[in-house]
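Where a number appears in this text, it was derived from the coordinates with a stated rule and is not lab data. Bear in mind the structure is a predicted one, so any value in this text is a computation, not a measurement. Positions of Cβ are generated from backbone atoms using ideal geometry, with glycine treated the same way; all protein chains shown enter the neighbour counts.
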Amino acid sequence: MGELHIVNHPLIQHKLTIMRDKRTGPKDFRELLEEITVLMGYEVTRDFPLDDYEIETPMQKMVAKRIAGKKVAVVPILRAGLGMVDGLLSLLPVAKVGHIGLYRDPVTHKPVVYYCKLPLDIDKRTVIVCDPMLATGGSSSDAITMLKNKGATDIRLLCLVAAPEGVKKLQEDHPDVDIYTASLDERLNENCYILPGLGDAGDRLFGTK
């Protein structure tokens, strides 16, 4: 079963509180989302393998550690996931970036695919799927299915806020995928929004309604 990792570092919790506040505008919301993504990125990459690498410091030669040739792809779920890309690229500057476009049907609340563009070697990369909200789990589950259909096998999901319903669905549909979130919130409301949540992340990120 894929693990649920709740990354509850004090800095992350502090920044998330400001993001939740309805008075926080798009500029601060964007900046905070990027900052939290950087902090969470350390946990998402914690198990990356290392190998030995010989270097010479100003004092002497030594054998140090470096990432063991890990290839990474960052795949945001459009559009809110875009707000997490730069944070991850600041840690993983040579990662390739794919995009999966999904929107939630306002009546059925089910995801509808409208765009998918992925690196050709996605099957050889560790894939970090990012979306600020894991609500029903439908969009994330469908995105991960699309990635698996393209051959991806090492996939992890990075989100900001998750609902128990979304975690349950993702673990049922994709038991091999680990979930990293800053908060496991209470539940979904009748419109499938997370409570207490932080509203529509895309609208708050881009200043739309």
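Between Lys168 and Asp47, what length in nm is gained on full extension when 0.36 nm per residue of separation is reduced by their alpha carbon distance?
Using 0.36 nm per residue and subtracting the Cα-Cα distance, I get 41.2 nm.
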Descending semi-axes in Å of the stretch 128-209, equivalent ellipsoid built from Cα gyration tensor: 22, 14, 11
Could you state the angle between the C-alpha long axis of helix 10-20 and the longest principal axis of the C-alpha atoms of the chain, as a value from 0 to 90 degrees rounded to the nearest 10? 30
Of the candidates Pro49, Leu39, Ala80, the farthest towards the positive dipole end of the stretch 25-85 (Lys/Arg Cβ +1, Asp/Glu Cβ -1, centred on the Cα centre) is Ala80
For the chain, built as a Gaussian network whose Cα springs stay under 10 Å, the top-fluctuating residue of Ser141, Ser183, Ser90: Ser90
Within the chain, which is the longest segment containing none of the GluC sites (Glu not before Pro) that sit in a DSSP loop and have at most 13 other Cβ atoms within 10 Å? 4-185
Using a Gaussian network model on the chain with a 10 Å cutoff between Cα atoms, which of Leu11, Leu82, Leu33 fluctuates the most? Leu11
Compute, for the stretch 117-162, the length of the dipole vector about the Cα centre, with Cβ point charges of +1 (Lys, Arg) and -1 (Asp, Glu) only. Units Debye, rounded to 20. 100
Unit charges on C-beta of K, R, D, E only; dipole of the chain, Debye: 460
Could you calculate the FRET efficiency of Ala64 with Val94 from 1/(1 + (r/R0)^6), where r is the beta carbon distance between them and R0 is 22 Å, rounded to 0.05? 0.70
Length gained when the stretch His9-Thr57 is fully extended (0.36 nm per residue, less Cα-Cα span): 14.0 nm
Percent of Cα pairs exceeding the 31 Å cut-off, where the set is the chain: 19
For a quick check, take a GNM of the chain with Cα springs below 10 Å and name the residue from Thr145, Thr17, Thr136 with the largest mean-square fluctuation. Thr17
Size of electric dipole in the stretch 89-209: Cβ of Lys, Arg +1 and of Asp, Glu -1, about Cα centre, debye, nearest 20: 380
Where Lys and Arg each count +1 and Asp and Glu each count -1, what net charge lies around Asp121 among other residues with Cβ under 12 Å from its Cβ? +4
At a temperature of 25 °C and a viscosity of 0.890 mPa s, determine how fast the stretch 66-142 diffuses translationally according to Stokes-Einstein, using the Kirkwood radius over alpha-carbon pairs as Rh; express D in µm²/s, rounded to the nearest whole number. 186
